[in-house]
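Notes follow once the structure below has been shown.
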Amino acid sequence: PSTEKLLEVNNIEVIYNHVILVLKGVSLHVPKGGIVALLGGNGAGKTTTLKAISGLLKSERGDITKGSVSYRGADLAGRDPADLVRSGVIQVMEGRHCFEHLTVEENLLTGAYTRKDGKGAIAADLEMVYDYFPRIKERRKSLAGYTSGGEQQMVAMGRALMSRPETVLLDEPSMGLAPQLVEQIFEIVKKINEEQGVTILLAEQNTNVALRYAHYGYILESGRVVMDGPAAELRENPDVKEFYLGMS
Ligand code: ATP
C-alpha cells in the first residue's frame, strides 16, 4: 500500500434514532492499495463504522453527529450510497444480501448498473469475476437463493467487483462459513487487492484470520478505537493474543 490516505475517518460520533450513541469518536485511515481490518466483538461498532462511510447509515436512522469522513480529500457528508458507488466506494453487507429470485449471473450484473461503459467491458468483467470465483461460474444459472452461504458470499463480493470499485468495504466476510471456506474467501480478497489494486476495509470478528491477511488493524470496543497498528505487530501484542486471538 502507498502512504496516500485514500479514506479518512475523523473522530466520528454516530447516533441512532437521535438517542443511541454508538460511535464515540472513531478515527481511522486507509491508504490506497491497503487492506485494513476493523476488529472487535459483537456490537463494538464495526458495521456502523462501515455504514457511516458508505452512506448506508441514513436508511437505518443513524446520523454522524460529529467528525467527518473524507475520500480523496473530499467530504462525504450527505452523500448517498449510489453516489459513493459512482466515486468508487462500495459496501458488501454482512449476511450477503443476494437477490434470491435472480440467478447468480443476474445478481452479478446488477452490480454494473452504475457503469456507463459498454457491454463489452461489462462482459469482460463478468469473466474476471468468474476467474476469481470459479465456483460461482458453475452455478451461474442457478437462483441465488438456492446456493450455499459460501457461494452467496462470493456472489455478493463478485457483484461489488462488477461496479469496478476502487475501495470495497467488506462486512464480516467470514460470518457463518466453515474455516476452510473462510481461508478461501480471504485468499481471494488478497488476490483482488494485489491484482486489481482494490483497496479494502473489512470488518471482522475473526481476528486471527483478519490479521493474517490485513496490513493494518484497528480494534474497536464500545464505539472507540482502543488499539491500532500494523497487523504483524497486533498479532504479537500480548493483549491482542489474550483477548482476541484466544491464547495467552
Ligand atoms: P456485529 O458484529 O454484531 O455487527 P458490530 O461491531 O458491527 O457488531 P454494530 O452493528 O455497528 O456493531 O452495532 C453497534 C451498536 O449499535 C450495537 O449496540 C447495536 O445494538 C447498535 N445498533 C446497530 N444498528 C442499530 C440501529 N439501526 N438502531 C439502533 N441501534 C443500532
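Data overview
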quantity	calculated
Exposed-site-free run, longest, the chain (rule: trypsin sites (Lys or Arg not before Pro); DSSP loop; at most 13 other C-beta within 10 Å)	142-248
Beta bridge orientation in region 78-225: antiparallel %, DSSP, nearest 5	25 percent
Rounded, prolate or oblate (a/c below 1.5 giving rounded, otherwise prolate when a/b exceeds b/c) for region 141-248 by Cα gyration tensor	prolate
Cβ charges +1 (Lys, Arg) and -1 (Asp, Glu), total dipole of the chain, debye	460 debye
Fewest-first sequence of His18, His97 by Cβ atoms within 10 Å of each Cβ	His18, His97
Beta bridges per DSSP with both ends in the chain, % antiparallel, nearest 5	60 percent
Karplus (6.51, -1.76, 1.60) ³J(HN,Hα), θ = phi - 60°, over region 54-62, in Hz, Gly and Pro reported as x	7, x, 6, 4, 4, 6, 10, 6, x
Under-5 Å amide H pairs with Leu23, H placed in peptide plane, nonlocal only	Val14
For Met227, residues with placed amide H under 5 Å, excluding near neighbours	Ile219
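No lab work stands behind these numbers, since they all come straight from the coordinates. No experiment lies behind these values; they were computed from the predicted model shown. Positions of Cβ are backbone-derived with ideal geometry, glycine not excepted, and every protein chain shown enters the neighbour counts.
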